[in-house]
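The values are calculated or read from the model by the stated rules, or taken from the named source; none is laboratory data. Keep in mind it's a predicted model, so treat the numbers as computed, not measured. A quick note on method: Cβ atoms are made from the backbone with ideal geometry, for glycine too, and the neighbour counts reach across all protein chains shown. For accessibility, only protein heavy atoms count, side chains too; no ligands or nucleic acids. Shrake-Rupley method; radii C 1.70, N 1.55, O 1.52, S 1.80 Å.
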Amino acid sequence: MPALELHEVTVRYSGCDAPALQIPHLRIAQGETVAITGPSGSGKTTLISILCGLEQPATGTIRWDDVNLNLLPETRKDRWRARHIGLVMQDFHLHPGLGARENVLLPAHFRHWRVPGELKRRADELLERVGIRTGSRPVGKFSRGEMQRVAVARAMLMSPPCWSPTSRRPVSIRGTAKTLPACFWIWRASSPSHCWP
């Protein structure tokens with residue numbers, strides 16, 4: 001995973017005098033571990049949004065090695081994000097009428113006309129790792145904890161170098177050394193872990 005660098009980043013929302021986020025300079029090298037904490041409303045989710053290219057800062061640059069997210073058009077940002085980032089949103093954004101496996105595979109349908117068998121097997125494996133065995137029951141009938149685990153499996157489907165659950169509850173994944181706290185930014189085993197609680 002590439003190094004991450006922010007320079008003179010400011011995020012402002014209309015109607016607010018103070019910036020929602022202001023970072024003069026931040027560099028996170030591969031292999032480095034950083035924890036960013038703060039109360040509700042301090043900008044943690046905004047930070048994740050700009051790091052992933054979901055939001056554009058008012059000023060400054062966000063670079064992942066040679067990729068300047070500020071300069072990418074939205075379609076290229078979408079493709080970059082699909083290859084490099086897996087997100088678990090606070091409200092999970094699952095389709096309530098689909099089952100767990102179908103929700104995990106949903107992003108793959110945007111990249112493949114016909115989802116390869118390898119991805120279907122990976123979806124099943126990921127659901128097993130997060131402890132979901134629900135058959136064809138639609139996720140609209142799942143508990144919040146079950147929905148969260150489906151969303152984690154979906155975020156990991158395409159094996160992104162980094163993924164970030166931004167939910168409030170801990171996530172337990174079989175085969176990992178620990179339970180992940182809420183808002184944990186993960187890079188693959190060969191890469192660093194970043195916590196944004």
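Looking at (1) in contact (Cβ under 8 Å) with a residue 40 or more places away in the chain; (2) surrounded by 15 or more Cβ atoms within 10 Å (Cβ to Cβ), which is the only condition residue 81 fails?
Tallying (1) in contact (Cβ under 8 Å) with a residue 40 or more places away in the chain; (2) surrounded by 15 or more Cβ atoms within 10 Å (Cβ to Cβ), residue 81 fails exactly one: (1).
Report, ordered by the first and then the second residue, all pairs with beta carbons closer than 6 Å, sequence separation of six or more or different chains, a first member in segment 89-118 that is farther than 16 Å from residue 139 by Cα, and a second member that is open to solvent by less than 70 Å² (accessible area, probe 1.4 Å) and in a helix (DSSP H, G or I).
Final answer for the pair search is 108/119; 115/105; 115/108.
Okay, residues lined up against (1) closer than 24 Å to residue 157 by Cα; (2) modelled with pLDDT under 85; (3) in contact with a Phe, Trp or Tyr (Cβ under 8 Å, 6 or more places away or on another chain); (4) in a loop (DSSP other than H, G, I, E, B):
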residue: 32; (1), (2), (3), (4): no, yes, no, yes
residue: 83; (1), (2), (3), (4): yes, yes, no, no
residue: 86; (1), (2), (3), (4): yes, yes, yes, no
residue: 95; (1), (2), (3), (4): yes, no, no, yes
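Among the listed residues 53, 15, which satisfies the condition of being open to solvent by 30 Å² or more (accessible area, probe 1.4 Å) and on the phi > 0 side of the Ramachandran plot?
Numbers: 53 fails: open to solvent by 30 Å² or more (accessible area, probe 1.4 Å).
The unique qualifying residue is 15.
With the requirement that a residue be open to solvent by 40 Å² or more (accessible area, probe 1.4 Å), among the small types (Gly, Ala, Ser) and assigned to a helix (DSSP H, G or I), what does segment 108-157 give you?
140
Where residues in segment 18-50 are crowded, with 17+ Cβ neighbours inside 10 Å and in contact with a Cys (Cβ under 9 Å, 6 or more places away or on another chain), which of them is nearest to residue 87 (Cα to Cα)?
Here the residue is 48.
For segment 65-78, name all the residues that are loosely packed, with under 15 Cβ neighbours inside 10 Å and not in a helix (DSSP H, G or I). Working first, answer last.
The initial filter retains those residues of segment 65-78 that are loosely packed, with under 15 Cβ neighbours inside 10 Å, namely 65-66, 68, 71, 73-76, 78.
Once the filter is applied, which keeps residues that are loosely packed, with under 15 Cβ neighbours inside 10 Å and not in a helix (DSSP H, G or I), segment 65-78 yields 65, 66, 68, 73.
Would you pick out the residues in segment 133-156 that are of a type in the set (Val, Ile, Thr) and either touching a His at 6+ places or on another chain (Cβ under 9 Å) or within 19 Å of residue 90 (Cα to Cα) (or both)? Spell out the reasoning first.
As a first pass, look at segment 133-156 and keep what is of a type in the set (Val, Ile, Thr): 134, 139, 150, 152.
If the condition is that a residue be of a type in the set (Val, Ile, Thr) and either touching a His at 6+ places or on another chain (Cβ under 9 Å) or within 19 Å of residue 90 (Cα to Cα) (or both), then 139, 150, 152 are the ones that fit.
Quick one: residue 8 ticks every box in (1) over 18 Å from the mean Cα position of the chain (by Cα); (2) open to solvent by less than 90 Å² (accessible area, probe 1.4 Å) except a single one, so which number is it?
Every condition holds for residue 8 apart from (2).
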